[in-house]
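Have a look at the structure below, then the notes.
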Amino acid sequence: MLIRDYLVAVIQNGAYKERSWVLSVLSFTAYNFKHPLKPPVPYQAVRKDEKGTKVWMYYNPALQDFDELEGADPNFPVARPEDHYTFKAGEIPGITEDTDTTFGRLLVNAVIFFDVLKERAPYINGEINRKVLEKIYDQRLADGASEHAGDPKYLTVDEFKRCMNNGFSLGGLSPLCVPTACPETMYPPKFIIELRDKLFAENQGKLNDPAVMGMIQQTLLKEYRAYLMTTPSKKFFIFAKTIDDSFNKMFLTGGIETAFGNNVVIQKSLYEGWDLKKFPAYVNKSVSASFDRGASTADGGEKVKMLIRATQNILIQDEDCGTTLGVPLTLTPALRHRYLGAYVIADGVSTHLDQDNIDRYVGQDVVVRSPAFCKLSHGDSCKYCAGSHNSTNNKSMSSGASKIGSKLMLLSMKSMHKGSRITLVDYDLDEAFN
Ligand SMILES: [Zn+2]
């Protein structure tokens, strides 16, 4: 049987529900044909080694025996998540026309949707992430009392829960499907070390200037990231933090240790070994990474508490204070979501921004009402200055104000995560306090 037809049979007969089956196709499992520890599950794949010739077989429940699996490379597992297959309409639930898909998608669709919804299951032929799932459930969920109850297009709460639980079970497959490294991520590529040495040589004598070192690291990391994106690990090491911190220190350069008066540059990467002449700098870096991070985080946390204490008696009132002042700004598309529910002032009249009218203001210069300009006494704000979203709870001003402290905390935590890399940024105070 061809793998493609085999997979159709597996889905139609529900064999994918057996953990033993999933393990048998995603990895190499040992199977003793003469004295099996336990009987094979339907469609279980086994690699038979006959006089040195390896061949993939599967347990055919109709024959009650093993049968050959045609076209399966004995050097690899039977099915890898990225392998492509084309299925015809009706072969797989939810597939309504010839569809090219991957084994990974097929398995996820079967486990999350088909197992619970049978022929009502949709087929998502793309990345299945939280957003996609939320959209599906959001559109289809109906409770028992709803007019849609029993409608095949809709889901009951019980079905929804089963879909979710099935989805969680997929997490256990990560060790089989998620590569955690590849040869290219285990050592630095030669070209990047050559580039580093060239940049260091060109800037000799200027390396302990953080701006120079920042530029060098930026150049190196850009090239290194582009290189990583060509490797099998690209989907798993795309996190900026891994590349910028861990890999940077391990493979590129130890970076700069800033100190009053004299910055120390550790040119070598950890891969090349410790530069013992700079041992104090390594120690200082470790101490600052562990202590300073904790201290700055605590500092931000204290600011949050202080702001909550200072603002906890502020109330949001229903009456309009009638101010004609507000914060002038350009309502860019990026700000659209944030200003939904706010009031804009034009010709002395305040208008509430809602889903229906906000697009008229996007791209325009507007004046938005703000608690900073509210005329109510005791620091209170009216709901027009605070905005309708914030006024759903009349004591919400505290949580709004505490965001300033949270932002500071986040920024200090982020800065500590930078590790050996120096990032050149413009610090925008407006961003922190807006
Ligand atoms: Zn007001």
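If you take all other residues with their beta carbon under 13 Å from the beta carbon of Asn125, and give Lys and Arg +1 and Asp and Glu -1, the sum is -3. Along the axis of the charge dipole computed for the chain (Cβ charges of +1 for Lys and Arg, -1 for Asp and Glu, origin at the Cα centre), the listed residues Ala346, Leu276, Ile308 are led at the positive end by Leu276. What separates the Cα centres of the stretch 271-320 and the stretch 146-205 is a distance of 29 Å. Cross-linked pairs Lys131/Lys235; Lys249/Lys403; Lys222/Lys305; Lys34/Lys118; Lys206/Lys277: Cα-Cα separations exceed 28 Å for Lys249/Lys403; Lys222/Lys305; Lys34/Lys118. Using the Cα coordinates of the stretch 172-279, the gyration tensor eigenvalues translate into equivalent-ellipsoid semi-axes of 29, 14, 12 Å, sorted from longest to shortest. Note on the chain: GNM, Cα springs under 10 Å; of Ala240, Ala334, Ala289, the largest mean-square fluctuation is that of Ala334. Using only alpha carbons, the stretch 3-175 has a radius of gyration to Kirkwood radius ratio (Rg to Rh) of 1.02. Taking the DSSP bridge list for the chain and keeping only pairs wholly inside it, about 85 percent are antiparallel. Rounded to the nearest 20, the Cβ-based charge dipole of the stretch 183-283 about its Cα centre (Lys and Arg +1, Asp and Glu -1) stands at 200 debye. For the listed peptides 313-321, 54-62, a ranking on the average number of other beta carbons within 10 Å per residue, highest first, reads 54-62, 313-321. Each residue in Ile345, Ile404 was given a count of other beta-carbon atoms within 10 angstrom of its own, and listing them fewest first yields Ile404, Ile345.
Normalised by the number of residues in the chain, the mean separation of alpha-carbon contacts (under 8 Å, six or more apart) gives a relative contact order of 11 percent. Exposure proxy shown here: for Lys235, Lys285, the number of other Cβ atoms within 10 Å sets the order, fewest to most, as Lys235, Lys285. Among Ser377, Ser169, Ser27, which one moves the most in a GNM of the chain with springs linking Cα atoms closer than 10 Å? Checking each option, the largest mean-square fluctuation is seen for Ser377.
Summing charges over all other residues whose Cβ lies under 12 Å from the Cβ of Pro188, with Lys and Arg as +1 and Asp and Glu as -1, gives -1.
Values in this text are rule-based calculations from the coordinates and carry no lab data. Everything numeric here is computed off the predicted structure, so don't read it as measured data. Methodologically, a virtual Cβ is constructed for each residue, glycine included, from the backbone with ideal geometry; neighbour enumeration extends over all protein chains shown.
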